[in-house]
Amino acid sequence: MLPLSTDGAFREIKSYVLRAGRSTAAQERAYAALSEKFILPFTPDPINFSAVFGNTRPVTAEIGFGMGIATAIIAGANPGKNYLGIEVHRPGIGRLLWEIERRSLTNIRIIEHDAVEVFARMIPNGSLEGIHIFFPDPWPKKRHHKRRLIKRPFTETLAQKLKDGAYLYMVTDWEDYALWALAELCATSGLSNTYQDFAPPQSWRPETKFERKGLAKNHVVRELLFTTKDM
Ligand SMILES: C[S@@+](CC[C@H](N)C(=O)[O-])C[C@H]1O[C@@H](n2cnc3c(N)ncnc32)[C@H](O)[C@@H]1O
């Protein structure tokens, strides 16, 4: 189901508030020099992944990569796979572009736009090998829960975009959001939990900036790993 309101407009309640943080000079330079090569414009039409990446290797999408260091490490460790990072925070996009250049990565593309709209419009059904969502904004106050990204019907849309046997991997350090997401994902048709409840830590996932912040506050990190199920 598309996250459209009855008048066809995209929903106004966003899962993010654009942060005021300024880009560093290095991030600005990387953005100016590399955006044309690595940033895909938002369009209302489905992406042709083989045309965009120049190959037919499997594609994993990441929502909200923040500064993108984990994205760059994962892409660098998996040159036989493609990665699509979706983020709205300009300094973070500049930082990932800087990492792409520094590590000579060719298997990442970025979309600077609301992931909810990107998934509704641009990601073809059954096209992704994986979806990564690391430390999504927790929106801990009850009146803000409606802003949480991991909820139906968006999780139904995410499931539709995965290939058979593909996975959705979410990690959070907010216990209340972890339990919320577990319930939402379990109730999502087309997804099946790989574990009884939370998954064990996946050793290949690099630590992220927001993970470090959570651990400094003694938060427990919860991992959720779901795969597509036969309907
Ligand atoms: C709490 S930060 C986590 C960043 C990073 N994954 C980490 O672990 O350090 C959440 C990020 O998700 C991004 N975000 C939230 N909602 C989004 C959306 N609908 N589309 C794209 N990015 C989004 C925010 O801009 C922010 O950078």
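Quick one: is Ile123 surrounded by 15 or more Cβ atoms within 10 Å (Cβ to Cβ) and not in a loop (DSSP other than H, G, I, E, B)? Step through it out loud before you land on a result.
Working: surrounded by 15 or more Cβ atoms within 10 Å (Cβ to Cβ): yes; not in a loop (DSSP other than H, G, I, E, B): no.
When the stated conditions are applied, Ile123 does not pass them.
β-branched (Val, Ile, Thr), outside any helix (DSSP H, G or I) and closer than 30 Å to His145 by Cα, is that true of Thr56?
no
Out of the residues in segment 118-131 meeting the condition of being under 18 Å from Lys14 (Cα atoms) and in contact with a helix residue (DSSP H, G or I) (Cβ under 9 Å, 6 or more places away or on another chain), tell me which one is farthest from the ligand (Cβ to nearest atom).
Ala120
Test each condition in (1) hydrophobic (A, V, I, L, M, F, W, C); (2) more than 8 Å from the ligand (Cβ to nearest atom); (3) buried (at least 21 other Cβ atoms within 10 Å of the Cβ) for Ala115 and report the one that comes out false.
Here Ala115 meets the rest and fails (2).
Find all pairs meeting these conditions: Cβ atoms under 7 angstrom apart; at least six residues apart or on different chains; first residue within segment 11-28 and more than 19 Å from Gly68 (Cβ to Cβ); second residue surrounded by 15 or more Cβ atoms within 10 Å (Cβ to Cβ).
Arg11/Pro3; Ile13/Arg147; Lys14/Asp114; Lys14/Arg147
Within the set of pairs 6+ apart or on separate chains, which have a first residue in segment 200-212 that is acidic (Asp, Glu), a second that is in a loop (DSSP other than H, G, I, E, B), and C-beta atoms under 8 Å apart?
Glu211/Phe135; Glu211/Asp173; Glu211/Val221
Across segment 77-101, which residue is surrounded by the most Cβ atoms within 10 Å (Cβ to Cβ) among those that are part of a helix (DSSP H, G or I) and acidic (Asp, Glu)? Before you say what the answer is, go through the steps one by one.
The initial filter retains those residues of segment 77-101 that are part of a helix (DSSP H, G or I), namely 77, 90-101.
Right, trim to acidic (Asp, Glu) and you get 99, 101.
Working: Glu99: 20, Glu101: 16.
Result: Glu99.
Inspect all residues belonging to segment 34-54 and state whether any of them is within 12 Å of the ligand (Cβ to nearest atom) and crowded, with 22+ Cβ neighbours inside 10 Å.
Of segment 34-54, the ones within 12 Å of the ligand (Cβ to nearest atom) are 42.
Next, from what is left, pick out any that are crowded, with 22+ Cβ neighbours inside 10 Å: none.
For segment 34-54, residues within 12 Å of the ligand (Cβ to nearest atom) and crowded, with 22+ Cβ neighbours inside 10 Å: absent.
If Ser104 satisfies every condition in (1) of a type outside the set (Lys, Arg); (2) surrounded by fewer than 19 Cβ atoms within 10 Å (Cβ to Cβ); (3) within 16 Å of the ligand (Cβ to nearest atom); (4) at positive phi but one, which is the exception?
Exception for Ser104: condition (3).
We did not get these values from a lab; they are worked out from the coordinates using the rules stated. None of the values given here were measured: they were computed from a predicted structure. Neighbour counts are summed over all protein chains in view; Cβ atoms, including those assigned to glycine, are modelled from backbone coordinates with ideal geometry.
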